[in-house]
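I have placed the structure first, in the form of structure tokens, so that the comments after it can refer back to it.
The values are calculated or read from the model by the stated rules, or taken from the named source; none is laboratory data. As the structure is a computational prediction, the values presented were derived from the model and not from experiment. Please note: Cβ atoms are built from the backbone with ideal geometry, for glycine as well, and neighbour counts cover all protein chains shown.
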Amino acid sequence: MAKDQPPILYRALGLFDAVSIGINAIIGAGIFVVIGIAAGMAGPGIVLSIIIAGFVSAFTALSFAELSRFIPKEGGGYEFAHKLISNRVGFAAGWLWILSNIIAGSAVALGFAQYLAVLLPFIPTNLAAIGICIIVTLVNYFGIKQSARLNNVLNVSKIAILALFIVLGSGYVNLAHFKNLTPKGYNGVLQGASLIFFAYAGFARITTVAEEVKKPQRTIPLSIILSLIISAVIYVLTSFVAVGLIGYLQLSSSSSPLADAASMTGINGIPFLISIGAIIATLGVLLTSVLGVSRVSFAMARNGDLPRLLKEIHPKYNVPHYSVVISGLLMAIISGFLNLGAMVSMSNVASLLYYSITNVSAIKLRKGERLYPKFIPYIGLVSCLMLITFLSIGSILITAIAVLSGIIFYIIWRKKIS
């Protein structure tokens, strides 16, 4: 590759791969681990929380769909804001994406470790979380085709296991667990929705690898919508069965909520199988987290917003290898010392701000560039900002400090390279 040519990535992903990346990015720690934390806020109304979070995600997903058709470039919301709003807002979107997904990846790694502890209790949880981050980083390092193949296998496996949980568990659901649907009021349901949004946050992951998708202007919008619909149906059914089996109090106090819920069926081997499903699911999300963060870092470095080292492409594996390694190592470090609840809240604040910027980008599209009515990104923007208000003040303040540090870095960095 000539030095004056921008780095080029190959188009290797079809529609099935794209939908698989979307589903794998969505279905993971959110339903297997965070459902317990959210149930403590919403009670049996966690089912309503999941539906509300799904509706919020749907409006923003439509914004991503039309933007990805108009700008099918690596980087997702970063590129959208960069092109349609301003360079500075674009940087803010990219910084928020990296922040939210590194923290989310760390949370997912910890969720993986907690379910692994059900099977192998002698392995320290934090050590397992660090180890899986390193393994997933290596998989991403050796090329997107290899990552996509593993992603597809993991996806089919975890959907099959969740389907088994729904089918077998539905016969043991105790409707008395839903007698008081909102024990903490509708405020609790909205708090649960703001947290369970973490479970949907991966629906736009495919936009971060747009330059590696075949026929991106058709494939990406379709894959976003399909992955969100499929995941939402699975989430609603799974949460209903889980609460119906064990009740929200026991669900909220468990570090492996679906495995504990499955044990109420009395069917031998089901809790073990659910733990395997959780391990597969969290592994899949972590795989796409490293993939997404590395590609946004690559796009930002290519535009001069991050150090040029991050845009380097491996001559053999055709991946931004430095971006992959740094993304994975940061997730490993964070997973070693932060707790799950704090990570989920911080990730959600950053994600919702990132999605808010993306909705503003969609508002900027002209009439002939739109797929959907203009009111859709407006609803997406308002709903994202509204959900932020139900998250903890501490997580909002920490995210604000992280954003401020990003702005300071941007000012210093742009002065240096100019």
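For region 253-263, taking the residues that are at pLDDT 85 or above and of a type outside the set (A, V, I, L, M, F, W, C), the one that is surrounded by the fewest Cβ atoms within 10 Å (Cβ to Cβ) is identified as 253.
What about residue 193, is it farther than 22 Å from residue 11 by Cα, among the small types (Gly, Ala, Ser) and part of a helix (DSSP H, G or I)?
Judged against the criteria, residue 193 is a match.
Taking helices (runs of 4 or more DSSP H) as the structural unit, those lying wholly within region 23-106 and holding at least 2 residues that are farther than 24 Å from residue 259 by Cβ, in contact with a Phe, Trp or Tyr (Cβ under 7 Å, 6 or more places away or on another chain) and polar (S, T, N, Q) correspond to 46-70.
Residues are listed down the side, and each one gets a yes or a no for (1) under 16 Å from residue 191 (Cβ atoms); (2) modelled with pLDDT of 90 or more; (3) not in a helix (DSSP H, G or I):
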| residue | (1), (2), (3) |
| --- | --- |
| 368 | no, no, no |
| 378 | no, yes, no |
| 381 | no, yes, no |
| 390 | yes, no, yes |
| 399 | no, no, no |
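Checked against (1) farther than 30 Å from residue 358 by Cα; (2) surrounded by 15 or more Cβ atoms within 10 Å (Cβ to Cβ), residue 105 passes all but a single condition, namely (1). Looking only at residues of region 47-99 that are aliphatic (A, V, I, L, M) and closer than 16 Å to residue 225 by Cβ, we find that the one that is surrounded by the most Cβ atoms within 10 Å (Cβ to Cβ) is 67.
Please specify each residue of region 195-220 satisfying the condition of being within 17 Å of the chain's Cα centre (by Cα) and at pLDDT 80 or above.
Let us first name the residues in region 195-220 that are within 17 Å of the chain's Cα centre (by Cα), namely 195-210, 220.
Residues satisfying the conditions are 195, 196, 197, 200, 220.
Against the condition at pLDDT below 90 and either in a helix (DSSP H, G or I) or among the polar types (S, T, N, Q) (or both), how does residue 167 come out, does it pass?
Considered against the rule, which asks whether it is at pLDDT below 90 and either in a helix (DSSP H, G or I) or among the polar types (S, T, N, Q) (or both), residue 167 comes out as no.
When the residues of region 210-241 are filtered to those that are of a type in the set (D, E, K, R) and part of a helix (DSSP H, G or I), the one that is surrounded by the most Cβ atoms within 10 Å (Cβ to Cβ) is 212.
Yes/no matrix, rows are residues, columns are (1) in a helix (DSSP H, G or I); (2) under 16 Å from residue 109 (Cα atoms); (3) at pLDDT 85 or above; (4) under 21 Å from the mean Cα position of the chain (by Cα):
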residue	(1), (2), (3), (4)
265	no, no, yes, no
274	yes, no, yes, yes
284	yes, yes, no, yes
293	yes, yes, yes, yes
306	no, no, yes, no
309	yes, no, yes, no
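Only one entry of 116, 150, 120, 175 meets the criterion of being surrounded by 15 or more Cβ atoms within 10 Å (Cβ to Cβ), on the phi < 0 side of the Ramachandran plot and modelled with pLDDT of 85 or more, and that entry is 116. May I ask you to verify whether residue 49 is at pLDDT 85 or above and among the small types (Gly, Ala, Ser)? Considered against the rule, which asks whether it is at pLDDT 85 or above and among the small types (Gly, Ala, Ser), residue 49 comes out as yes.
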